[in-house]
1. All but one of (1) on the phi > 0 side of the Ramachandran plot; (2) crowded, with 19+ Cβ neighbours inside 10 Å hold for A144; state the number of the condition that does not hold.
2. Could you say which residue among D159, D166, D154 is of a type in the set (D, E, K, R) and either more than 26 Å from Q54 (Cβ to Cβ) or exposed (fewer than 14 other Cβ atoms within 10 Å of the Cβ) (or both)?
3. Tell me, which residue of segment 36-58 that is assigned to a helix (DSSP H, G or I) and not basic (K, R) is farthest from F75 (Cα to Cα)?
4. Among the residues of segment 104-127, write down those that are touching a residue at least 24 places away in the same chain (Cβ under 8 Å), surrounded by fewer than 20 Cβ atoms within 10 Å (Cβ to Cβ) and outside any helix (DSSP H, G or I).
5. Being of a type in the set (G, A, S) and crowded, with 20+ Cβ neighbours inside 10 Å: is that true of A132 here?
Amino acid sequence: MSAHLDPIFESPLGGLSHEGDISIHDLTDRHRWGLRGKGAAEALRTQGWDLPEQPNRMVASTNQSFVMALSQPEFWVLDPNNDAAELTMGNDFTTDAYPLFCQSSHAWLVLKGSQISALMAKVCGVDLRPDAFKLGDVAQTQMALINCIIARHDLAGDDVFSMFVDQSYAEYALEALLDARQEFL
């Protein structure tokens, strides 16, 4: 895109939604941040966040937010209900943990519909069917040959996939998903 974007608060995809039997929503402009370091888990618990018991898991936490553990010392806090303009990370962190700015590094797409696992089978080598990839599971994998993070979770009563891709690949990722979903429309 040639237009100037505020790298923290604007999405390269414009926040659009693509409705259908499988819908794709751009939540890139929604509030999220991360924390990494050997003291990250303790710092988050001290602030009242619920954390997954192990890496590659996601749990619902306070204020309708989610906490995703990508490794033992790395966590992302995701808030699909608030704009990035409301971004606050807290300041009670220690020298054993430092902030991650996933808000400006990754685009956030949400896929919803009964055939999302079948759609993803066309572009991703990981088995994302419900019997293999349960609610709360997180996969750090590739989709259409780009690195991504995929989480299966409940969002407003719907079973969804949240997908995070490097912002520089956001348009390509969306094009690949829109192309793959053609047979499901």
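The values are calculated or read from the model by the stated rules, or taken from the named source; none is laboratory data. For clarity, every value in this text was computed on a predicted model and none was experimentally measured. In this analysis, Cβ positions are derived from the backbone assuming ideal geometry, glycine residues included, and neighbour counts consider all displayed protein chains.
1. So A144 meets the others, but not (2).
2. Details: D159 fails: either more than 26 Å from Q54 (Cβ to Cβ) or exposed (fewer than 14 other Cβ atoms within 10 Å of the Cβ) (or both); D166 fails: either more than 26 Å from Q54 (Cβ to Cβ) or exposed (fewer than 14 other Cβ atoms within 10 Å of the Cβ) (or both).
Exactly one residue qualifies, and that residue is D154.
3. Applying the first criterion (assigned to a helix (DSSP H, G or I)) to segment 36-58 yields 40-46.
Now restrict to residues that are not basic (K, R): 40-44, 46.
Details: A40: 7, A41: 8, E42: 11, A43: 11, L44: 9, T46: 14 Å.
Among residues in segment 36-58 that are assigned to a helix (DSSP H, G or I) and not basic (K, R), the one farthest from F75 (Cα to Cα) is T46.
4. Of the residues in segment 104-127, the ones touching a residue at least 24 places away in the same chain (Cβ under 8 Å) are 104-116, 118-120, 122-124, 126.
Filter again for surrounded by fewer than 20 Cβ atoms within 10 Å (Cβ to Cβ), leaving 104-105, 112, 114-115, 118, 122-123, 126.
Answer for segment 104-127, where residues must be touching a residue at least 24 places away in the same chain (Cβ under 8 Å), surrounded by fewer than 20 Cβ atoms within 10 Å (Cβ to Cβ) and outside any helix (DSSP H, G or I): K112, S114, Q115, K122, V123, V126.
5. Details: of a type in the set (G, A, S): yes; crowded, with 20+ Cβ neighbours inside 10 Å: no.
It is false that A132 is of a type in the set (G, A, S) and crowded, with 20+ Cβ neighbours inside 10 Å.
Every residue, every condition in (1) surrounded by 17 or more Cβ atoms within 10 Å (Cβ to Cβ); (2) over 21 Å from A107 (Cβ atoms); (3) among the β-branched types (V, I, T); (4) modelled with pLDDT of 95 or more, yes or no:
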| site | (1), (2), (3), (4) |
| --- | --- |
| M1 | no, no, no, no |
| P12 | yes, no, no, no |
| Q47 | no, yes, no, no |
| P52 | yes, yes, no, yes |
